[in-house]
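Take a look at the structure below.
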Amino acid sequence: TNLGGNYALRNSIDATSTEQKNFISIGSDGNAFTGKFDGIDYNIFGLTINSNKSNTGLFGETNGATINNVTLVGGKITGGDNTGALVGYAIDSNISNVVNSAEVNGNRNVGGLIGAATNSNVENAVNTGTIHSDGGSDNHGDVVSSVGGLIGSMYQNSTLDGNSYNLGDVSGKGYNVGGLVGHAVNSTIGDGTHLVYNRLDVTGKYNVGGIVGNMEGTTVQNA
């Protein structure tokens, strides 16, 4: 209930019971998580979220938060716009050493770990789950997905670096589909030292790339 607190896992968590229960994302309905969460390299097993809401994930929305050192093993995350296994919508947040193997499905801005990120830093992110976007209509009536293996959309000086890679299939019914990031605006992918890469299939309507679907004012290094 204290969304500004500091938290750490004492051990791994079996969350398979969420398959029968309605798990509500931490920091949802406009109340963002603003604290710190350290998984201390423990796992969360079998997390299931079945929602049609925007900002869906273990953390629905974060603002100024720090999240690191946690792995999501198995499970299935389903949401609306801004859906990621770890964070639906990250604002001014720092996220590092995170892994996901859960299946993730959503509408627009869908990522294996983060649905959408604004002015946020993501480091050492790995996804092995299957990621899919059903998309939503844009202003012209076309279908936009903005789906990526790690992050759906990145905005405003966001970064994705360290040892970050995707090993899960990525698909979208619309455009802006990328192996790592679906849509990147004024952001940086790769730090020039570590390799960032994608190894699995990427399919979509158009603006489809092995690393990024659509780039605007964005730099990609060592991919």
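Sort segment 1-70 into rounded, prolate or oblate with this rule: let a ≥ b ≥ c be the square roots of the eigenvalues of the Cα gyration tensor; rounded if a/c is under 1.5, and if a/c is not under 1.5, prolate when a/b is larger than b/c, oblate otherwise. Oblate.
Peptides 182-189, 11-18, 62-69, 165-172, ordered by how many other C-beta atoms sit within 10 Å of their residues on average, highest first, read 182-189, 165-172, 62-69, 11-18.
Normalised per residue, the accessible area of segment 157-214 is 40 Å², obtained with a 1.4 Å probe and no contribution from ligands, DNA or RNA. Antiparallel beta bridges, as assigned by DSSP with both residues in segment 82-223, represent about 5 percent of the total such bridges. Summing Cβ point charges (Lys, Arg +1; Asp, Glu -1) relative to the Cα centre of segment 79-223 gives a dipole of roughly 140 debye.
Over the chain, the fraction of Cα-Cα pairs per 5 Å bin, rounded to whole percents and listed from the shortest bin up, is 2, 9, 17, 23, 22, 15, 8, 3, 1, 0. Residue-wise HN-Hα couplings along segment 27-44, as the Karplus relation 6.51 cos²θ - 1.76 cosθ + 1.60 with θ = phi - 60° gives them from phi, are x, 10, 6, x, 9, 6, 7, 10, x, 10, 9, 10, x, 6, 6, 8, 10, 10 Hz; Gly and Pro carry x. Entry note, segment 57-185: relative contact order of 22 percent, from Cα contacts under 8 Å with a spacing of 6+ residues. How much of the DSSP beta bridge set in segment 128-207 is antiparallel, as a percent to the nearest 5? Close to 10 percent. A straight line joining the Cα centroids of segment 1-26 and segment 89-103 runs 15 Å. Taken as Cα centroids, segment 162-223 and segment 62-78 sit 20 Å apart, rounded to the nearest whole angstrom. Working from the Cα coordinates of segment 1-117, the gyration tensor eigenvalues give, after taking √(5λ), semi-axes of 18, 17, 13 Å in decreasing order.
Does segment 90-196 come out rounded, prolate or oblate, given a ≥ b ≥ c as the square roots of the eigenvalues of its C-alpha gyration tensor, rounded meaning a/c under 1.5 and, failing that, prolate meaning a/b above b/c? Verdict is oblate for segment 90-196. Dividing the alpha-carbon radius of gyration of segment 82-150 by the rule-of-thumb value 2.2 N^0.38 Å gives 1.09. The lysines whose alpha-carbon is closer than 18 Å to the alpha-carbon of K21, local same-chain residues fewer than 8 away aside, are K53, K76. The accessible surface of segment 18-63, taken with every protein chain in place and a 1.4 Å probe, is 45 percent carbon and sulfur.
The values are calculated or read from the model by the stated rules, or taken from the named source; none is laboratory data. Given the structure is predicted, the values throughout are model-derived calculations rather than measurements. Positions of Cβ are backbone-derived with ideal geometry, glycine not excepted, and every protein chain shown enters the neighbour counts. Keep in mind that these areas ignore ligands, DNA and RNA; they rest on the heavy atoms of the full protein, side chains included. Shrake-Rupley method; radii C 1.70, N 1.55, O 1.52, S 1.80 Å.
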